Structure formats: C-alpha cells, structure tokens
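Values quoted throughout were computed directly from the atomic coordinates according to the rules given, and no laboratory measurement underlies them. Here the structure is a predicted model, which means the values were calculated and not measured. All Cβ positions, glycine included, derive from the backbone under ideal geometry; neighbour counts span all protein chains shown.
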Amino acid sequence: MMRHRLARKHLGRTSSHRMAMRRNLAAALIQHGAIRTTEAKAKDVRRFVEKLITTARKNTLHARRQVLATLRDRHMYTYDEGTKNYEAEEQSVVQKLFSEIAPRYADRPGGYTRIIRVSERRIGDAGQQVILQLITEELQQTRADGAGRSRRRRARATKRHKAAATADVAEGAAEERDQVAEQPPTEEALETGQEAQGEQTQAADEKGAPVEETGAGDKGSDA
C-alpha cells in the first residue's frame, strides 16, 4: 500500500503516539489557554484544536460525542500552594470547552488560536520554541480596532493621492498655457491676424458710412 495523500509531518512518532501527543497538548491548551512547545508541534496541534472548537460551537449531543471520541475527556487539576497538592476542578476539559471556550467564538469563523515565536531556543537541539495561545476577547477587540484604523488610514491616503494627482494635472495644464503664451507667433498666425483685423476695419467703415438722401431731389426731377 502506497503513501498517497499523506502529506502531514510524522514528527518522529508513530500514528498512535502522534494522536496521544495531540490530545495531551490540546487538553493543556483548553485548560490553561496557552502552552509552550516547538513550532512544528504547535502547527500540528493548531489544526486539531480548531476543528474541536468548530465542532463544539454546535453545542449538540452529537457534537459532544464527537469531541469525546476525538479528545478523550480528562479531569483538570490545580496546584494548591497551601496543601502542596493538586486538587481536581469541578469541570473537565470537554465541559470547559463547551461551556466557556466555544461560546466565546460563536461569531468568529475560524482562527481561534495564534502562534507567538519565542527567542529562546530549546535546550538540547536548539529547536524553535513558540507559544500557542487561544485568542481572547481583548485580542479580538484589539484586532478589530486595528482593522478599523487601517481602513481609515487607507481611505485618507487614497484621498491624498487623488488630491495630489488633480493638483499635478492642473499644474501641468498651467505650464502648457504659459509655454504657448511665451512662444513667438508664426507667420501663418500673423497673416491670419492681419486678415481678421482688415475684415474688422472694413465692417466698421461700412457701418459708419453716410446714407444717400433720395427724398426731394427725386420728386423735382420727376416734375
């Protein structure tokens, strides 16, 4: 049997080991909201967790059974400084996923996590370390505000570019008119101007010429 359409990274593990790793990291991410791991494992777990959150958003019995079959529920524990011991919380991982995390992303179409690279390398093999984090409401609001400011900045920049282009066109037209006015008239222009001036003078003379009287003189001749 050939390995067709199997493009995912093996991460140096068998299939069952990879699934166990995804379940453990996903449960830790749901419990704590952020985990620190290598970049390759974070990218692999990211797809796994976001599919679980998308399924949990349906909030149906079938969706809960699908998540239980994939994630395998487990209890969450918190460390008590007073007793120096771990105490079990009231909710399990799947209960927190359906009651707190999935409702947070009810109106968000995907993109529930983000990866932040860390400058410190892992001791031993110097692997790139990252922080895989769930997007919180504050981060969503910050991104929305940033997107709004970016749109406003782009609109203002577009207006400035249009105004600058209009000013350049007007300035170019004014320069062309100045150049035409500074150029000496050609012979054809002079001849055309002289002809026009002559026609105007002739029309003015015709308007100012006296009209011949044809009254009494015509009557006397007829008599």
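A few notes on this one:
- Basic side chains Lys and Arg get +1 at the Cβ, acidic Asp and Glu get -1 at the Cβ, and with that the dipole of the stretch 1-106 about its Cα centre reaches some 960 debye.
- A viscosity of 0.890 mPa s and a temperature of 25 °C, combined with the Kirkwood radius over Cα pairs in Stokes-Einstein, give a translational diffusion coefficient for the stretch 15-135 of 160 µm²/s.
- The charge dipole of the stretch 78-122, taken about its Cα centre with unit charges on the Cβ of Lys, Arg, Asp and Glu (plus for the first two, minus for the last two), comes to roughly 520 debye.
- Length-normalised contact order of the stretch 15-135 in % [C-alpha pairs under 8 Å, at least 6 apart]: 33
- Between amide H atoms placed 1.01 Å from N, distances below 5 Å from residue 89 occur with 76, 77, 78, all of them 5 or more places distant or on a separate chain.
- Rounded to whole Hz, the Karplus (6.51, -1.76, 1.60) HN-Hα couplings of the stretch 155-167, x for glycine and proline: 5, 5, 5, 4, 4, 4, 5, 5, 5, 5, 5, 4, 5
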